Each structure stands twice: as C-alpha cells, then as structure tokens.
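Below you'll find the structure, written out as structure tokens, and then a few comments.
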Amino acid sequence: MRWNFGTVYKNIRKSKGLSQKDICNDFISRSSLSKFENNTVLPRYEHMIYLLEQIDMSSDEFSYICNMYKPDKKQDILIAFDNLTSLVDKEELNELITKCSSFLKSNQSKLINDIRDILRVYYNILASPPNSSNDEVSNLFSKIWNQFEKIDTWYYYDIKLISIVLFFIPIDIVDKFVDKILKRLDDYKYFKDMQIVQLSILMNLSTKYLYGGSQEKCKAYSSMLMELSRKYKRYDYYLIASIRISICTNSLKEAQEKAMTLKFINEDKLFSEIQKELNFFKKN
C-alpha cells in the first residue's frame with residue numbers, strides 16, 4: 001500500500017480538471033487540502049469522505065488505486081471469499097485457507113481468522129469418509145455460532161459468515177434467530193454488496209428447513225428467494241428456489257425437469273449438487 005495518499009488524491013483531482021477551489025467550497029479550507037496533498041496531515045474521517053465525494057470516488061476505489069491498482073493482501077482474501085463459487089471444491093478451499101494462514105502470520109484479523117476456521121471445517125468435511133459422523137462438525141460450527149449469538153448487531157461479514165454456518169446449526173436455534181437475520185437483510189436491502197448474501201441466506205434457510213422436514217417453511221423461504229432472485233436477475237438462484245418448491249410439493253418429476261435447465265446453462269457444479277438433493281428425496 002502506498003502511504004502518500006495526498007499525492008494520489010492530488011493526481012486524481014488534477015486528472016479530473018478540478019482546482020482546489022472546486023474541491024473545498026465552504027467545507028474545508030484550501031490550506032488543509034494543501035497539507036493533505038503534500039502528505040503532511042491526514043484528514044479526519046468526515047473530511048476524507050467529503051474529499052472522495054468531490055472527486056466522485058468510493059473509498060474502496062481510492063484504496064485500490066493507492067495500492068498500485070491491485071487489492072492489498074487482506075482485500076485479496078476477502079475478494080476471493082466473496083467470489084468463492086462453491087464450498088465443495090477442495091482445491092479452491094485449500095488455496096484460500098493457505099492465503100488466510102499466510103496473512104495471519106504477520107497480521108491480526110479476527111475476520112480472516114474466522115473465515116479460515118470455517119473453511120477448514122468445510123475442507124475436513126470433504127476430506128472425511130462418506131457417511132462419517134457429523135457430530136464433531138456440528139460442534140465446531142456451534143462453537144463458531146456462539147460468537148455471533150453474543151453480538152447485538154450483525155454487519156456485512158457477520159451475516160455472510162452466518163449464511164455459511166447456518167446449515168450446521170440446530171434447527172431450534174435457527175428458529176430463534178431467523179427473524180433477526182431477516183431484519184438485518186432488510187436493513188441492508190439498498191447495500192449492493194449484500195445482494196448475493198441475501199440470496200445465499202434465503203437459499204440456505206430453504207435448505208435447512210427442507211432437510212429438517214418443514215416443507216411449509218422451506219416453501220416460504222424459497223418463494224422469497226424466487227422473488228428476490230428475479231429482482232436481481234440471478235436465475236441460478238431462481239431455479240434452485242423453484243426446484244425446492246417442487247420437492248416440497250412432492251413434484252419430483254417436475255423438479256428433475258427444472259434441474260436439467262442448470263445443465264443446459266453450463267452450471268455443472270450446481271447441477272451436480274441439486275442432483276444429489278433430488279436423488280436423496282427420491283429415496284425418502
């Protein structure tokens with residue numbers, strides 16, 4: 001990361017054809033802006049937000065530019081975590097676990113540590129023999145969940161991590177906290193980064209109740225997922241929700257036909273997971 005933030009800001013301002021007067025208005029003095037651009041002082045938070053708004057730039061973009069147009073190590077991990085396509089790909093999980101461990105050797109971050117712990121549990125599940133007991137896994141996830149129970153207000157990454165551990169939390173605990181989860185999703189409905197997390201939470205809730213034998217709740221969350229995925233134009237999630245509703249109404253032939261659409265749009269990994277689900281309910 002380049003620490004000469006002021007120089008970077010000055011270069012961006014000039015490249016946009018903006019004078020110091022254009023930036024300052026009556027909110028900040030030109031002398032304060034000059035000191036910042038000469039790297040002699042750092043502005044207060046509210047001033048920095050204002051300065052970035054004046055050049056039409058987000059703090060994330062500014063940090064990205066300051067880091068020579070690439071994410072820093074922590075951001076690189078978070079981007080990889082956000083873009084994790086599946087929790088059933090051992091190679092992908094192991095690569096991200098290794099990145100987390102490397103980062104934590106020289107940095108402290110509870111978030112990165114939590115991400116690593118959760119990914120390690122999923123990796124161990126994949127490495128375990130088929131049909132092995134999930135008791136140890138459930139205990140580990142319950143331990144992770146206990147951290148979230150103690151937090152009064154959940155934020156973006158709290159909710160994302162909750163989405164991942166949800167399936168392994170006892171259903172009575174999920175029942176207890178589901179309203180709080182949905183309330184926080186509603187609080188974040190205009191926060192673009194939360195869109196995929198919203199979809200994931202609803203999908204995982206439908207999964208939880210489907211396997212827990214509560215078809216009505218599964219249908220309710222699947223219907224919510226269909227509505228939201230249509231709004232966000234995420235038709236992979238839409239198909240999953242539609243398939244779940246068909247399973248809940250015991251329309252397994254219809255569910256199988258819908259699942260084939262995933263195959264046609266080259267969602268092979270997703271199709272494979274849904275096919276396992278369908279095979280399970282065909283036998284039961």
So what is the calculated 222 nm ellipticity per residue for the chain, using -39500 (n - 2.57) for each DSSP H run with n of 4 or more, over all residues, to the nearest 500 deg cm²/dmol? -22500 deg cm²/dmol
With springs only between Cα atoms under 10 Å, which of Lys258, Lys105, Lys183 fluctuates most in a Gaussian network model of the chain? Lys105
Within-15-Å neighbourhood charge of Glu254 [Cβ basis; K, R +1; D, E -1]: +3
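With a Förster radius of 22 Å, plug the Cβ-Cβ distance of Ser101 and Lys269 into 1/(1 + (r/R0)^6) and report the FRET value to the nearest 0.05.
Efficiency, from the Cβ-Cβ distance: 0.30.
Tell me, in nm to one decimal, what length is gained between Ser32 and Ser142 on full extension, where the rule is 0.36 nm per residue of separation less the Cα-Cα distance?
Using 0.36 nm per residue and subtracting the Cα-Cα distance, I get 34.5 nm.
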Top mean-square fluctuation among Gln54, Gln147, Gln256, Gaussian network model of the chain, C-alpha springs under 10 Å? Gln54
Along the charge dipole of the chain, Cβ charges K/R +1 and D/E -1, which of Leu78, Val174, Thr249 sits furthest on the positive end? Leu78
Suppose every K and R has +1 on its Cβ and every D and E has -1 on its Cβ; what is the size of the dipole of the chain about the Cα centre, in Debye to the nearest 20? 420
What does the C-alpha gyration tensor say about the overall shape of segment 211-284? Classify as rounded when a/c is under 1.5, otherwise prolate if a/b is larger than b/c, or oblate. oblate
Give the aspartates and glutamates whose C-alpha is closer than 16 Å to that of Lys183, dropping any in the same chain fewer than 8 places away, or say none. Glu149, Asp152, Asp158, Asp175
Checking segment 140-203 for chymotrypsin sites (Phe, Trp or Tyr not before Pro) in a loop per DSSP with at most 12 other beta-carbon atoms within 10 Å yields Tyr155, Tyr190, Phe191
How charged is the neighbourhood of Tyr232? Take every other residue with its Cβ under 12 Å from the Cβ of Tyr232, and add Lys/Arg as +1 and Asp/Glu as -1. +4
Once Glu149 and Thr40 are pulled to full extension, the length gained, defined as 0.36 nm per residue separation minus their Cα-Cα distance, is 34.9 nm
Just for the Cα atoms in segment 151-283, what are the lengths along the principal axes, largest first, rounded to whole Å? 44, 31, 21
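Which value, in debye to the nearest 20, describes the size of the charge dipole of segment 165-284 about its Cα centre when Lys and Arg Cβ atoms bear +1, Asp and Glu Cβ atoms bear -1, and nothing else is charged?
100
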GNM result for the chain, Cα springs below 10 Å: residue of Asn94, Asn266, Asn204 fluctuating most strongly: Asn266
Compute the length gained on full extension between Lys253 and Ile79: take 0.36 nm times their separation in residues and subtract their Cα-Cα distance, giving the result in nm to one decimal. 58.8 nm
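The numbers here are math on the coordinates, done by the rules we state, and not lab data. Since the structure is predicted, the reported quantities are computational estimates derived from the model, not experimental observations. Positions of Cβ are generated from backbone atoms using ideal geometry, with glycine treated the same way; all protein chains shown enter the neighbour counts.
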